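The values are calculated or read from the model by the stated rules, or taken from the named source; none is laboratory data. All values reported here derive from a predicted model rather than from experimental measurement. Positions of Cβ are generated from backbone atoms using ideal geometry, with glycine treated the same way; all protein chains shown enter the neighbour counts.
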Amino acid sequence: MVSPRWQQLRACSVIGAAHRRQDKPCQDTSLSATLPAAGGNLQLLVVADGHGSARYRLSHRGSALACQVTQEAVQTWLACTPLSQPERWRDLLTQELPASIQQRWLEAIAADWQTQPEASQEAFSPLTYGTTLGLVLLAPQWWGCAGVGDWDLAGVDVEGQAVLLSEEREHSGSEATGSLCQPPEQQGWPMRAQLQRLEQPTELRALLLSTDGVRKSCATDADYLQLCAELVNLRDPQELEQGLNHITECGSGDDVSIAMALQADGPAKRRAWLKPRAGLGVLLLAAGLGLGAWLMVHRETPLQAQARELCDNPEQIPANLNQRRGQFQALLHNPQLSTQLQQQASTDPLGALIASSQEGTIAGCAALNAELSRQWQRARTPTAPANGKMPPAAAPGAAPGKP
């Protein structure tokens, strides 16, 4: 009987659409590696998601170092632990491996802190580097996972059906999610650790590990699982990156990362009923999948569709917005109109987009946000009458509200 072999390991992290617009670094890191061992290779998948706020201003370094030390820790235990001892590996995932990763991470971020300009003036704190971490180990006869925080793990069978294998149920610590920067007793490693033996032959075709930005981009868990089932069919690294870019643009706007592995002999079944729609660019052509169309059907709101349409034709943006100059003025003088327009997005998506932009930048291209900003500035600038005299100033009670 031939043991299942894992191949086509892929890992990809993409900066979130929101972070890109704000000129912030990507907080996610992902890794896939093949580690030689007696009795067959051990495959490693890792994703980490730095928390990203000002309190965790070096979390992008924290996530990168978390992936690095995870591989080092696994290699150390692999050197003295045969893959033929799954129960021992189960214990490792629950106890020794988390402790080893935690200690290595603390040492790595402490060393990194010494290279930072502010190190001479501020005390070191692990909070500055806070990150989640999820890992998957794939041996010829078993697979296991462990980690801390809000990562997700899905399995896809040979029929193309996906199931959620691990998720963060709840977290009792001081943070919204588990983090490596917390005390070990608050991290919850044992709750996420598991090891599953692989039957021969196995129905499991692929495992897909992801940071929370991927699942947050989906309306429901069923949508997330369907997305996972399609992502495992993307073979080309460039196509995968394009797919993840599309996910963050149309979904949460958060950084997104996946790390996945497929069985060597698993059939790559395609869903004929997922038909791509025209106009979605290269992603729709990726391996003949309907991923782009699926995202548009399940995630794109009328407002998002309007923004995409404008950004697909940036030269037409000024003309389209010029036709709504009166709407910009009306929104300044009647703030309640914003809610009304956003509620009517299905019938007037451009009006809803303009109303939404009054609160700040929207999920669209730079050209669209720049023109919206120009239109708002023009609406706030009084226009001199034909006789060259400015009208008297409005009474304080009649002053237009701030956008």
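Please state which of the following conditions A37 fails to meet, knowing it meets all the rest: (1) at pLDDT 95 or above; (2) in contact with a Leu (Cβ under 6 Å, 6 or more places away or on another chain).
Evaluating A37 over (1) at pLDDT 95 or above; (2) in contact with a Leu (Cβ under 6 Å, 6 or more places away or on another chain) leaves (1) as the failure.
Among L332, L310, L372, L321, which is the only one that is touching a residue at least 24 places away in the same chain (Cβ under 8 Å), closer than 17 Å to C250 by Cα and in a helix (DSSP H, G or I)?
L310
Can you list the helices (runs of 4 or more DSSP H) lying wholly within the range 110-223 that have 1 or more residues being modelled with pLDDT under 95, under 30 Å from S84 (Cβ atoms) and not small (G, A, S)?
Here the list reads 184-187, 189-192.
For the range 101-115, does any single residue satisfy the condition of being surrounded by 13 or more Cβ atoms within 10 Å (Cβ to Cβ) and farther than 26 Å from D255 by Cα?
Among the residues of the range 101-115, at least one is surrounded by 13 or more Cβ atoms within 10 Å (Cβ to Cβ) and farther than 26 Å from D255 by Cα, which makes the answer yes.
When you scan the range 26-57, how many residues do you find that are surrounded by fewer than 22 Cβ atoms within 10 Å (Cβ to Cβ), touching a residue at least 40 places away in the same chain (Cβ under 8 Å) and of a type in the set (A, V, I, L, M)?
4
Filtering the range 1-18 down to residues that are modelled with pLDDT under 90 and crowded, with 18+ Cβ neighbours inside 10 Å, which residue is farthest from the chain's Cα centre (by Cα)?
In this case the residue turns out to be P4.
Which pairs have Cβ atoms under 8 Å, sit 6 or more apart or on different chains, and link a residue in the range 94-110 that is farther than 18 Å from L78 by Cβ to one that is surrounded by 15 or more Cβ atoms within 10 Å (Cβ to Cβ) and small (G, A, S)?
Pairs found: W105/G62; W105/A66; I109/G62.
Being free of Cβ contacts under 8 Å to residues at least 60 places away in the same chain and more than 14 Å from R197 (Cα to Cα) is the filter here; which residues of the range 127-150 pass it?
Result: A146, G147, V148.
Residue by residue through the range 191-223, note down the ones that are under 15 Å from the mean Cα position of the chain (by Cα) and within 26 Å of R5 (Cα to Cα).
Within the range 191-223, L208, L209, S210, T211 meet the criteria.
Looking at (1) within 20 Å of the chain's Cα centre (by Cα); (2) closer than 25 Å to C26 by Cβ; (3) surrounded by 18 or more Cβ atoms within 10 Å (Cβ to Cβ); (4) among the polar types (S, T, N, Q), can you tell me which one Q238 breaks?
Failed condition: (3).
Name every residue in the range 182-217 that is of a type in the set (V, I, T) and either touching an Asp or Glu at 6+ places or on another chain (Cβ under 8 Å) or under 14 Å from L165 (Cα atoms) (or both), in order of residue number.
Answer for the range 182-217, where residues must be of a type in the set (V, I, T) and either touching an Asp or Glu at 6+ places or on another chain (Cβ under 8 Å) or under 14 Å from L165 (Cα atoms) (or both): T211, V214.
Which residue pairs have Cβ atoms closer than 6 Å, lie 6 or more positions apart in sequence or on different chains, and pair a first residue in the range 65-83 that is without any contact (Cβ under 8 Å) to a residue 12 or more places away in the chain with a second residue that is among the polar types (S, T, N, Q) and surrounded by fewer than 18 Cβ atoms within 10 Å (Cβ to Cβ)?
none
Residue-by-condition table, conditions (1) part of a loop (DSSP other than H, G, I, E, B); (2) over 28 Å from the mean Cα position of the chain (by Cα); (3) not β-branched (V, I, T):
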| residue | (1), (2), (3) |
| --- | --- |
| T34 | no, no, no |
| G62 | no, no, yes |
| T81 | yes, yes, no |
| L97 | no, no, yes |
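With the structure loaded, tell me whether G62 is out of contact with any Pro (no Cβ under 9 Å at 6 or more places or on another chain), under 28 Å from C26 (Cα atoms) and in the same structural domain as V47 (by TED's automatic domain parsing) or whether it fails that test.
No.
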